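The values are calculated or read from the model by the stated rules, or taken from the named source; none is laboratory data. Source: prediction; values computed, not measured. FYI the Cβ positions are ideal-geometry reconstructions off the backbone, even for glycines, and counts take in every protein chain you see.
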Amino acid sequence: MGIVLKNISYQYKDQWQEEKQYAIRDISFSLEKGEYAALIGHSGSGKSTLLQHLNGLLRPMSGEYYFDGENVFDGKFSLQKLRQKVALCFQYPEYQLFEETVLKDIVFGPKNMGFDQQTCEEKARKVMELAGISPKLETASPFALSGGQKRRVALAGILAMEPEYLILDEPVAGLDGKGKENLFSLLKYLNEKENITILLVSHDMDDVAENARRVLVMDRGQLVMDDTTEKVFSREKELKDMGLAIPQSLQFYNRLTAGGYFRNSSGADIRDGAAAGETMQTKTRGKIPLTVEELAARILEEHQCFEK
Amino acid sequence: MLREMTLGQYYKADSPLHRLDPRVKLAGTLLFVITLFFPRSVLGLIVATLFLGSVIVMSRVPFSMVIRGVKPLFIIICFSAIVNLLCTPGTVLFEAGPVRITQEGIWISFYLVVRLVYLVMGSSIMTFTTTPNQLTDGLEKSLGFLQRLHIPIHELSMMISIALRFIPILTQELDKIMKAQMSRGADLESGNIFQRARKLLPVLVPLFISAIRRASDLALAMDARCYSGGEGRTKLKPLIYRRNDFIAYGILLLYVVIMIVCGFWIA
């Protein structure tokens, strides 16, 4: 079940251009419950347009969208219900704060979903704890908070609707290291403990590699790759052609491999490695290091082999 | 909804009209609007139609876009036409109860509609072919003499160009905030006018905050670049009349003379 998109296309009506251009074209994929996926692509590749479809903010010009087996755009399906189940967190969500107090702002979502005041506040307090917002801030004005706190309040306002799917457009843009770490551990918690599906848009490949288990790649309005994180990032050359990078740790690993460093633990010949280039590491040990920790482990392993 | 408004937007194209000095276009628009309100004459109307028609063709702006600019004013135009149609005394053509339509009424409302439509079309042709920056530059230079009367004309034109520059930014911002609130389940469309005004609060508060934030950022950025008003400030693209501009003035003069002749002597 979950989210199923079939051949979704969308064009923006641009009055300045005579020809219409597709913002997204022929996109098909499905998202199961409990997944943690990332959507990457160059600026203007159609990521934001795609996200807005998932939330029912844009109507596809052709193609179908099924949510738990029901056709979303058949006219009978309630968009309100869709927006509760599939929550969308825009870029810089703190700019949507508007209420006098933090608590009031967080209950805005659940209230729109038709819950009474008491239930709303219960939900709000629950997500405030989750998001790490101190109860003391309940009556504070959201505009008096720091950037990181504002972001957490905005996210709490979205989580208070208790969505099953959480879609985030660059959630860590502009956050400092600590704020970023907190946010990703919150997402991890939501995904693992609450079984919330997460779809994340990010330009930071290290964040993607560290967190997502599946990666979708968009290029010029089309979905060009959809695979596990490891498999997507092993296609370095194709990604480069689309203006995308691979995680730093993997770049470092590839250089070491090309220089013949991993001959002990990988067991491959140096010249082989240099000749076969980037396709080699997938053959050798299967797993490629996507994070700094994994890379460090590989290097230490290599070092131990060497000492023996 | 906001995207459909074309009045006051630039249409990028390469046409003789686009290349004209903004002062010529400002003067032209002003004169065209004035001639529209010369005494009613069929001949004058034909000349104005021909003039406007050839200007539109020359500007390479699609005709459908020029028409679209009139759309937002459709209700106002209809309203004034109907009022004139019903309230003008004269030779009665048709009468039913309180409704009385006169020959003069038909003429007056016909002229009114044509004049209003031409007025909007004429001025939108100017904004279609002139960027807001060129426009305020032209305005600043043409009104430069007011500086001697201690009217801060440079500052005023700077304010206008900043305001114009912010329209698309704030439109985009509005669109984004509306979407963000809708995805939190906000219902912005149903209800009567008071309910809807209340429901717009979640959109308007963030919009105002962001406008103020942007304004203060901009002020800081201008300060950082040592902006200190118009005195001694030079232009990146100073306005200089070229041959085509003088030709355009000539044509404009000819048109005005013909209109005066049509409006005051022949009629």
Just one listed residue, out of B:194, B:145, B:246, is closer than 30 Å to residue A:59 by Cα and of a type in the set (Phe, Trp, Tyr), and it is B:194
Filtering region A:191-206 down to residues that are closer than 15 Å to residue A:32 by Cα and aliphatic (A, V, I, L, M) yields A:196, A:198, A:199, A:200
Flagged in region A:36-49 as away from chain B (no Cβ under 14 Å) and surrounded by 19 or more Cβ atoms within 10 Å (Cβ to Cβ), in numbering order, are A:36, A:37, A:38, A:39, A:40, A:41, A:45, A:46, A:47
If you go through A:62, A:45, the only one that is over 22 Å from residue A:159 (Cβ atoms), assigned by TED's automatic domain parsing to the domain that holds residue A:148 and under 20 Å from the mean Cα position of the chain (by Cα) is A:45
Is it the case that some residue within region A:64-72 is of a type in the set (A, V, I, L, M) and free of Cβ contacts under 8 Å to residues at least 24 places away in the same chain?
yes
Taking region B:44-101 and keeping only residues that are within 20 Å of residue B:254 (Cα to Cα) and among the acidic types (Asp, Glu), one is left with none
Listed by first then second residue, the pairs whose first member lies in region A:290-308 and is assigned to a helix (DSSP H, G or I), whose partner is not small (Gly, Ala, Ser), with beta carbons under 6 Å and at least 6 positions apart or on separate chains, are A:295/A:253; A:295/A:289; A:298/A:289; A:302/A:262; A:302/A:264; A:305/A:264; A:306/A:264
Residues of region A:79-124 being among the basic types (Lys, Arg) and touching a residue at least 12 places away in the same chain (Cβ under 8 Å), in sequence order, are A:83, A:85, A:123
* Restrict the check to region A:107-129 and report whether at least one residue is within 10 Å of another protein chain (Cβ to nearest Cβ) and more than 26 Å from the chain's Cα centre (by Cα). => yes
Going through region A:211-243 in order, the residues found to be among the charged types (D, E, K, R), closer than 20 Å to residue A:293 by Cα and crowded, with 19+ Cβ neighbours inside 10 Å are A:214
In region A:214-229, residues that are assigned to a strand (DSSP E or B) and within 17 Å of residue A:198 (Cα to Cα) total 7
Scanning region B:168-198 for residues that are out of contact with any Gly (no Cβ under 6 Å at 6 or more places or on another chain), modelled with pLDDT under 90 and within 8 Å of another protein chain (Cβ to nearest Cβ), the one surrounded by the fewest Cβ atoms within 10 Å (Cβ to Cβ) turns out to be B:187
Of the listed residues (B:170, B:139), the one being over 30 Å from residue A:157 (Cβ atoms) and assigned to a helix (DSSP H, G or I) is B:139
Going through region A:58-100 in order, the residues found to be among the charged types (D, E, K, R) and either within 17 Å of residue A:164 (Cα to Cα) or more than 9 Å from chain B (Cβ to nearest Cβ) (or both) are A:59, A:64, A:68, A:70, A:74, A:76, A:81, A:83, A:85, A:94, A:100
Filter region A:114-123 for residues that are touching a Lys or Arg at 6+ places or on another chain (Cβ under 9 Å) and not polar (S, T, N, Q); the one that is surrounded by the fewest Cβ atoms within 10 Å (Cβ to Cβ) is A:115
Flagged in region B:234-253 as surrounded by 13 or more Cβ atoms within 10 Å (Cβ to Cβ), out of contact with any Gly (no Cβ under 9 Å at 6 or more places or on another chain) and not hydrophobic (A, V, I, L, M, F, W, C), in numbering order, are B:241, B:244, B:245
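Residue-by-condition table, conditions (1) within 10 Å of the chain's Cα centre (by Cα); (2) within 13 Å of chain B (Cβ to nearest Cβ); (3) not in a loop (DSSP other than H, G, I, E, B):
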residue: A:149; (1), (2), (3): no, no, yes
residue: A:155; (1), (2), (3): no, yes, yes
residue: A:166; (1), (2), (3): yes, yes, yes
residue: A:174; (1), (2), (3): no, no, no
residue: A:178; (1), (2), (3): no, no, yes
residue: A:198; (1), (2), (3): yes, no, yes
Of the candidates B:251, B:209, the one satisfying the condition of being of a type in the set (Val, Ile, Thr) and more than 14 Å from chain A (Cβ to nearest Cβ) is B:251
Subset of region A:57-101, residues of a type in the set (Gly, Ala, Ser) and surrounded by fewer than 16 Cβ atoms within 10 Å (Cβ to Cβ), comes to A:62, A:69, A:75, A:78
In region B:79-96, is there at least one residue being modelled with pLDDT of 85 or more, more than 17 Å from the chain's Cα centre (by Cα) and over 20 Å from residue B:40 (Cβ atoms)?
yes
Going through (1) under 21 Å from the mean Cα position of the chain (by Cα); (2) within 11 Å of chain A (Cβ to nearest Cβ) one by one, residue B:162 fails only at (2)
Residue A:23 fails exactly one of (1) farther than 26 Å from residue A:213 by Cβ; (2) in contact with a Lys or Arg (Cβ under 9 Å, 6 or more places away or on another chain), namely (2)
Requested in this report: State whether one or more residues within region B:22-41 are surrounded by 12 or more Cβ atoms within 10 Å (Cβ to Cβ) and touching a Cys at 6+ places or on another chain (Cβ under 8 Å).
Outcome: yes
Those helices (runs of 4 or more DSSP H) completely within region B:183-267 that have 3 or more residues that are within 30 Å of residue B:51 (Cβ to Cβ) and either among the small types (Gly, Ala, Ser) or not assigned by TED's automatic domain parsing to the domain that holds residue B:155 (or both) are B:243-260
Any residue at all in region B:59-78 that's surrounded by 12 or more Cβ atoms within 10 Å (Cβ to Cβ), free of Cβ contacts under 8 Å to residues at least 60 places away in the same chain, touching a Gly at 6+ places or on another chain (Cβ under 9 Å) and away from every other protein chain (no Cβ under 14 Å)? no
Those helices (runs of 4 or more DSSP H) completely within region B:1-100 that have 1 or more residues that are among the hydrophobic types (A, V, I, L, M, F, W, C) and over 20 Å from residue B:245 (Cα atoms) are B:22-36, B:42-59, B:63-70, B:74-87
